[in-house]
């Protein structure tokens with residue numbers, strides 16, 4: 001009886017069994033509602049945009065980004081990604097979600113440090129972007145913990161969403177399958193009744209990962225070539241990963257890689273080609 005009561009409460013909160021919210025989020029049906037879906041383009045590209053990041057030799061040079069949407073009652077979501085300059089893609093490789101008492105300036109700073117170190121090492125120097133809803137928290141994260149987030153200005157929500165839609169529709173976004181919250185927000189995110197903001201969801205909250213993505217995409221630089229000009233790498237060798245030569249992808253590993261490349265290029269078999 002208690003289970004039935006709980007079930008009925010979920011149905012009611014979602015707007016009834018015929019509602020888009022109930023069918024999309026609780027029954028996981030794909031229900032097309034072009035007037036409510038925030039990123040309708042995602043349905044067309046998601047199959048090819050969900051993939052495990054493949055970091056090649058040049059990944060160490062790519063520009064890194066962290067996007068954050070702050071919340072307390074709603075989720076605080078952090079996204080970690082980089083621009084793959086060679087393929088002109090933004091790759092989201094990790095996410096972290098927390099809410100309520102777990103959200104402090106200390107926890108934000110520590111989690112950010114830990115994930116950045118795990119993904120990119122200690123010298124990554126990513127650009128970090130957050131919404132500007134709580135400048136006191138951002139200031140404390142900086143002054144107390146030494147982690148700087150740039151507070152983005154919130155222009156027209158429609159304009160920011162449109163920019164993201166164009167980006168997604170062009171196939172310029174790839175997301176690791178482990179980023180389940182972001183993937184769910186992209187697939188199930190809908191506007192509220194008045195189309196003034198994002199709706200509230202029992203399962204995905206305020207679609208906070210989508211907000212974090214929107215903030216990040218406003219600042220990614222797709223034009224800057226971060227690869228050093230004097231790097232001795234030939235085009236065929238870009239297929240090799242640094243991990244083939246050094247598990248830690250260290251500077252020494254890069255030198256070993258370059259030495260190995262030169263040896264192969266100068267080998268008799270290559271000279272006779």
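The numbers here are math on the coordinates, done by the rules we state, and not lab data. A quick note: this is a predicted structure, and the numbers were derived from the prediction, not measured. FYI the Cβ positions are ideal-geometry reconstructions off the backbone, even for glycines, and counts take in every protein chain you see.
When you count the other C-beta atoms within 10 angstrom of each residue and take the mean per peptide, 120-127, 76-83, 62-69 line up highest first as 76-83, 62-69, 120-127.
Residues 49, 185, ranked from the fewest to the most other C-beta atoms within 10 Å, line up as 49, 185. Here the residues 208, 114, ranked from fewest to most Cβ neighbours within 10 Å of their Cβ, fall in the order 114, 208. Counting other Cβ atoms within 10 Å as a rough exposure proxy, the listed residues 72, 85 run 72, 85 from fewest neighbours to most.
Extension gain for residue 150 to residue 219 (0.36 nm times residue separation, less C-alpha to C-alpha distance): 23.8 nm.
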